[in-house]
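So the structure is just underneath, and the comments pick up after that.
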Amino acid sequence: MSQDPDIPHTSEEKSSDSEDIQEDSLNNPDQSMRERIRRSTSSPHRCNRAQSSPPRLVSMEELMETAKGVSNMALAHEIVVNGGFQIKPAELPEGSLEKTVKEIVHKAFWDCLEAQLSEDPPTYDHSIKLVGEIKEALLSFLLPGHTRLRNQITEVLDLDLIKQEAVNGALDISKLAEFIIGMMGTLCAPVRDEEIKKLKDIHEIVPLFRAIFSVLDLMKMDMANFAVSSIRPRLMQQSVEYEREKFQKIFEKQPNSLDFVTDWLQEASDDLANLRCKNSPSPGVGAAASGVPVLCPAAVQNWAYLKLLKWDHVHRPFPETLLMDQTRFQEMQLELEQLTLTGAILLVMFNVAGAALSNLPGFADKIKTIIKVLLMGMHLPSFNLSESLATLGEKVCAEVNSCLSQHGFTPFTTEKEIALKGQIQTLGNSDNTICKLIDSRIQAFLESYLTSGHQKSFPAIPGGLGPIQREMEEIAVKYVRLVNYNKMVFSPYYDVILSKLLNKEESQLLG
């Protein structure tokens, strides 16, 4: 796999405005980027949007270049952010026209090959072409130092010699296939050993060729994924500057492309300001020399990122800088909603059951498994939460009674069962106090971990959330990694916007 030619090989940012800016760019790329943003952006407030000049028309070439930039940026971002990123073969939908056409064409090809080999004497035109394709595939797997293997492949799969043998009736296809399978076994990843072993059990030529090409496709995928894992460390080092530069090009073509980011940061700033006005302790609130409280830009950013976990994805535009990660934030939001309900069910259960079950190893995990199964698809329109909670109440009561009896405790009375089922049922109400409590504590945990910077240790688990600690920590790691990476990429843009927002707010307070 070749490296994306658009990925920069140096981190220096070149500016054409002046030699001073160019030198500053080399010494401080973040500051230089901020200067470019300031020169190309107007006031970040939405109320000024109507007074700004209309977006200029762009050519088709510019649109295509922008689209290519977005595509390249998205791919690099996916590789860096998603540690489990892998290239996978495209699967055509069952019954689709594309799949039907592909199957017809492939069948016609292999039928033709079988017909040629069934002639007397056999015709090897198609077979030799396939051997040539196999040869090129095997050579593509070699590294520069594989001289001996390269010579072997070139010598044994010499197409000119194979054609002469075919003309003279001396071609042994089975022997060639045996060599090909052996070479594939040498070059494949260990995970493909079983597929290679199965090839040796196929003795008919046409099915064997088909199976060989199928395994070669898998080997090509393995090689591509190996290349991705190999470039990831280098790409990680360069990706911040790379994504920033790509976004800057888009920003220069569409100057209004930070409007939703501005609204997002403005809203977070207003939220913190309201907390300050209520005299509630809140992160990032300090005091200016005059005694007037001021907001910390870092705290506003953190608050803004926390708001993404409560985002209305249907009715609200997502911040422009985070569009590539909108799906990730949305998935985490859905995970947290289900985790909140899970934590609430467990809290209710242990409160009703008392201390008897709280320390039994494996019991909470068993209940969590039941909850996960019964809440699967809870965000789909067809999901009936009330029915699922009723079923959960029955299942939880049955498991609790079974566990109490097994460990020598008195099972629930009928009254306790009714009480537990009723409390679980009420968790489906949007204003349920227990769900709100669990949600606020999960948010507090994520906020604490986010503000702790790059510390590896987790903050203390809030009370009542012990049974879902592992799930919370897993989400927290994904969430904070994603937030910190986006902060690194887009900090120059956020700094400029927040500087204007907070300076204006401070001026209003002092005025």
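All of the numbers you see were taken from the coordinates with simple rules; none came from a lab. Note that the structure is predicted; figures quoted are calculated from it, not measured. With ideal geometry, Cβ positions are generated from the backbone for all residues, glycine too; neighbour counts draw on all protein chains shown.
Length gained on full extension, K307 to S358, computed as 0.36 nm times the residue gap minus the Cα-Cα distance: 15.0 nm. Modelled spin-label separation between V477 and T154, with each label point placed 7 Å from Cα along the Cα-to-Cβ direction: 4.7 nm. If R0 is 41 Å, the Cβ-Cβ spacing of K372 and E204 corresponds to a FRET efficiency of close to 0.30. Quote the FRET efficiency, to the nearest 0.05, computed for K175 versus L139 with a Förster distance R0 of 22 Å and r equal to the Cβ-Cβ distance. Plugging the Cβ-Cβ distance into 1/(1 + (r/R0)^6) gives 0.65. Arranged from fewest to most other beta-carbon atoms within 10 Å of their beta carbon, M223, M488, M184 become M488, M223, M184. Using a Förster distance of 41 Å, how high is the FRET efficiency between S214 and D271, based on the Cβ-Cβ distance and rounded to 0.05? Once rounded, the FRET efficiency stands at 0.15. Using a simple spin-label model with pseudo-atoms 7 Å out from Cα toward Cβ, L334 and F409 lie 3.5 nm apart.
Whole Å is fine, so just give me how far the alpha carbon centre of the stretch 104-125 lies from that of the stretch 376-453. Taking the Cα centre of the stretch 376-453 as reference, the centre of the stretch 104-125 is 64 Å away. Residues H106, H126, ranked from the fewest to the most other C-beta atoms within 10 Å, line up as H106, H126.
Annotation: the residues R244, R150, sorted from fewest to most other C-beta atoms within 10 Å of their own C-beta, follow the order R150, R244.
Only the Cβ atoms of Lys and Arg (+1) and of Asp and Glu (-1) were treated as charged; on that basis the dipole of the stretch 321-490 about its Cα centre amounts to roughly 360 debye. Averaging 1/r over every pair of different alpha carbons in the stretch 321-490 and inverting the result gives a Kirkwood radius of 17.3 Å. Exceeding 30 Å between C-alpha atoms, which entries from my cross-link table qualify? They are K395/K478; K99/K310; K416/K436. Result: K395/K478; K99/K310 exceed 30 Å. Placing unit charges on the Cβ atoms of the charged side chains and taking the dipole of the stretch 127-270 about its Cα centre, the candidate lying farthest along the positive direction among F260, I173, L161 is L161.
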